[in-house]
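Read-outs: derived from the displayed coordinates by stated rules, not from any lab. Everything numeric here is computed off the predicted structure, so don't read it as measured data. Positions of Cβ are backbone-derived with ideal geometry, glycine not excepted, and every protein chain shown enters the neighbour counts.
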Amino acid sequence: MAWLYLVLAGVSEIGWPLGLKLSQTTKNVGGGIALAVISMALSGILLWLAQKEIPIGTAYAVWTGIGAAGTFLIGILIFGDAQSLGKWFSVALIIGGVIGLKMAH
């Protein structure tokens, strides 16, 4: 169950930078900030639950890795962020590291 909490925490981690960006790029500033705050809280609670069984270093690295890779993808898919082979390779390394941490656990 701890790994499920951790994956959900990582996915929730994507919500706060998304909310902040939406608050800057849409007329619904309050909605974007609300998404950011709710996502931060949910992500933190789920990370807290996951750390009851998963070591802090592993949990934090997986949590931030999911958040970073997911936010990168959202930036490209929704906001048209610039892409390059180097960026994609770097995100692949992050995802590989997250998988490696899970397999080594």
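Going through 31, 65 one at a time, which residue ends up being surrounded by 18 or more Cβ atoms within 10 Å (Cβ to Cβ) and assigned to a helix (DSSP H, G or I)? Full working, then the answer.
Values: 31 fails: surrounded by 18 or more Cβ atoms within 10 Å (Cβ to Cβ).
On inspection, the qualifying residue turns out to be 65.
Out of all the residues in segment 36-56, is one or more loosely packed, with under 14 Cβ neighbours inside 10 Å and of a type in the set (S, T, N, Q)?
Within segment 36-56 (the criterion being loosely packed, with under 14 Cβ neighbours inside 10 Å and of a type in the set (S, T, N, Q)), the answer is no, since none of the residues qualifies.
Hey, residue 102 hits all of (1) surrounded by fewer than 17 Cβ atoms within 10 Å (Cβ to Cβ); (2) in contact with a helix residue (DSSP H, G or I) (Cβ under 6 Å, 6 or more places away or on another chain) but one; which does it fall short on?
Going through (1) surrounded by fewer than 17 Cβ atoms within 10 Å (Cβ to Cβ); (2) in contact with a helix residue (DSSP H, G or I) (Cβ under 6 Å, 6 or more places away or on another chain) one by one, residue 102 breaks only (2).
Of (1) free of Cβ contacts under 8 Å to residues at least 24 places away in the same chain; (2) more than 16 Å from the chain's Cα centre (by Cα), residue 49 satisfies all except one. Which?
(1)
Looking at the structure I just gave you, is residue 76 at negative phi, over 12 Å from the mean Cα position of the chain (by Cα) and in a helix (DSSP H, G or I)? Don't jump to the end; show me each part of the working.
Details: at negative phi: yes; over 12 Å from the mean Cα position of the chain (by Cα): yes; in a helix (DSSP H, G or I): yes.
Judged against the criteria, residue 76 is a match.
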